[in-house]
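First comes the structure, then the notes that go with it.
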Amino acid sequence: MIKKQTLKVYINSTSIRSACGNTEETLTSIFNKQSAIKTYSNIVPEKTVAIGKFKDSNNFNSILFDSIDEVLNNSDLLDFSTTLLLVGSSVGGMATTEKVFFEENSYKNIDITKHTIDAIALVLDEKYKFLSTRSFSTACTSSANALKTAKELLSIGAYENILVVGADEICQTTIFGFSALGILSDEICTPFKTDRKGMNVAEGIGALLLQNKKYQDSIELVGAGTSSDAHHIANPDPEAKGAISAIQNAIDDANISPKDISYINAHGTGTQANDSVEAKAILELFPEDIFVSSSKANLGHTLGAAGAIEAILCVKSLHLQKLLPQVDTRNLQHSINIVNDVKETTLKYMLSNSFAFGGNNTSLIFGVPNED
């Protein structure tokens with residue numbers, strides 16, 4: 001049997017919008033170990049919660065369009081007419097529905113087409129006229145799964161261009177849901193620390209243009225792996241079987257070994273369960289000196305957008321050949337090598353983890369392309 005040759009997949013244009021600001025502001029905040037998380041005592045009754053909001057939280061679509069314009073302007077495309085749009089989101093248009101309900105105290109004027117998971121794709125398609133669109137909602141792995149699908153489609157030449165967008169707008173349904181689970185911190189989250197209190201829910205947008213074309217600053221999406229441990233609706237398998245499987249599947253897909261990976265962008269939410277399981281998986285598969293960090297203390301947990309945003313952070317880190325430091329590295333519970341300061345070093349491959357409710361796990365591997 002002749003094995004069909006697969007095409008390489010490159011990330012050629014990106015943009016981020018986060019609580020820290022635009023792409024450059026987000027990178028600057030991370031490299032300077034600055035956080036955009038703020039505390040609020042007027043959202044959840046009798047609770048203080050720390051969350052990450054856009055500087056202009058009332059204008060989500062405008063921020064979304066600005067992000068997509070950045071990708072288009074920095075690409076080789078004139079428009080998106082030959083581009084497949086894949087959107088990953090945890091809440092879709094729920095925030096739009098909430099605004100109508102709270103303003104009018106009624107469901108009467110709610111437009112259901114603006115509520116569904118594909119609401120973001122519909123808004124983008126109306127403005128930019130994509131070849132076709134699809135939407136993913138697998139909680140906090142949504143945009144990571146969209147990236148995996150993009151890789152699979154481009155590797156067989158099904159499309160010329162695929163735009164992956166991870167986008168989640170903050171809404172009260174989300175905040176109250178995580179509060180009910182008892183995992184919202186009242187201060188900036190502290191991933192992997194002994195005294196960590198929980199996560200910071202946040203809003204964010206990450207957009208990546210993937211193509212088979214290689215340019216001077218292209219970064220290759222070399223591997224993608226998934227798993228579903230289905231251990232619990234909200235908690236990961238404590239033995240880390242699902243996390244280990246997703247990571248190993250990504251490594252196998254990339255046709256490399258764990259020792260080839262220089263850095264791990266951890267899911268690192270700051271909850272007791274997630275951090276313990278992720279640390280267990282890392283120590284199971286990698287040497288203890290592999291570099292690890294989480295950006296959740298900088299910009300919060302952007303839910304369905306996290307996979308896309310953190311993929312871009314890996315892309316930028318590979319461009320700059322600089323490690324991404326973590327905000328707080330004191331009193332760590334686990335013996336993983338958390339990056340404390342910005343460090344220039346030789347970086348070839350990076351792993352990014354996304355773990356979601358229901359045991360849905362996705363790992364992606366990015367690399368500096370080989371010289372032709």
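Using C-alpha pairs under 8 Å with a sequence gap of at least 6, the mean separation divided by the residue count of the range 10-367 gives a relative contact order of 24 percent.
In sequence order, the range 131-142 has phi-based couplings of 4, 6, 9, 9, 10, 10, 9, 10, 6, 7, 10, 3 Hz under the Karplus curve 6.51 cos²θ - 1.76 cosθ + 1.60, θ = phi - 60°, and Gly or Pro positions carry x. Placing a label point 7 Å from the Cα of ASN74 along the Cα-to-Cβ direction, the residues of the range 286-312 whose backbone N falls under 19 Å of that point are 295, 299, 305-312. The packing ranking, built from the mean of other Cβ atoms within 10 Å per residue, places the peptides 82-88, 109-115 in the order 82-88, 109-115, highest first. Available extension along the chain between SER57 and THR194 is 46.0 nm, counting 0.36 nm per residue and deducting the alpha carbon span. Projecting the Cα atoms of PRO191, ALA158, GLY177 onto the dipole axis of the range 147-234, where Lys and Arg carry +1 and Asp and Glu carry -1 at the beta carbon, places ALA158 farthest toward the positive end. Full extension of the segment from SER228 to ASP289, taken as 0.36 nm per residue of separation minus the current Cα-Cα distance, would add 19.2 nm.
Annotation: amide H-H contacts under 5 Å for LYS193 (H modelled 1.01 Å from N, sequence separation of 5 or more, or interchain): GLN333. Histogrammed with a bin width of 10 Å, the alpha carbon distances of the range 1-57 distribute as 19, 30, 21, 13, 11, 6, 1 percent, first bin at zero. Could you tell me which residue out of ALA254, ILE264, ASN32 lies farthest along the dipole of the range 10-367 toward its positive end? Charges go on the beta carbon: Lys and Arg +1, Asp and Glu -1, centred on the Cα centre. Working it through, the farthest residue towards the positive pole turns out to be ASN32.
For mean projected area of the Cα convex hull in nm², the value calculated from this model appears in (i) 17.3; (ii) 18.3; (iii) 21.7 under label (ii). Secondary-structure-derived ellipticity at 222 nm for the chain, considering helices only, amounts to -9500 deg cm²/dmol, per-run term -39500 (n - 2.57) for DSSP H runs with n ≥ 4. Note on the chain: antiparallel DSSP beta bridges, both residues inside, total approximately 60 percent of the bridges counted. Peptide packing for 355-363, 338-346, 185-193, 131-139 was compared via the average number of neighbouring C-beta atoms within 10 Å per residue; ordered from the highest value, the list is 355-363, 185-193, 131-139, 338-346.
The DSSP beta bridges internal to the range 229-372 are antiparallel in roughly 55% of cases. Taken over the range 228-372, the ratio of Cα radius of gyration to 2.2 N^0.38 Å equals 0.98. Exposure proxy for SER57, SER227, SER142, SER295: other Cβ atoms within 10 Å of each Cβ, ordered fewest to most, give SER57, SER227, SER295, SER142. Given the pairs LYS108/LYS151; LYS33/LYS213; LYS55/LYS193; LYS53/LYS241; LYS33/LYS348; LYS296/LYS348, which are separated by over 32 angstrom at their Cα positions? Check vs 32 Å cut-off fails for LYS108/LYS151; LYS33/LYS213; LYS53/LYS241.
Read-outs: derived from the displayed coordinates by stated rules, not from any lab. All of these numbers come straight from a predicted model, not from anything done at the bench. Every residue, glycine as well, gets a Cβ built from its backbone with ideal geometry; the counts of neighbours run over all protein chains shown.
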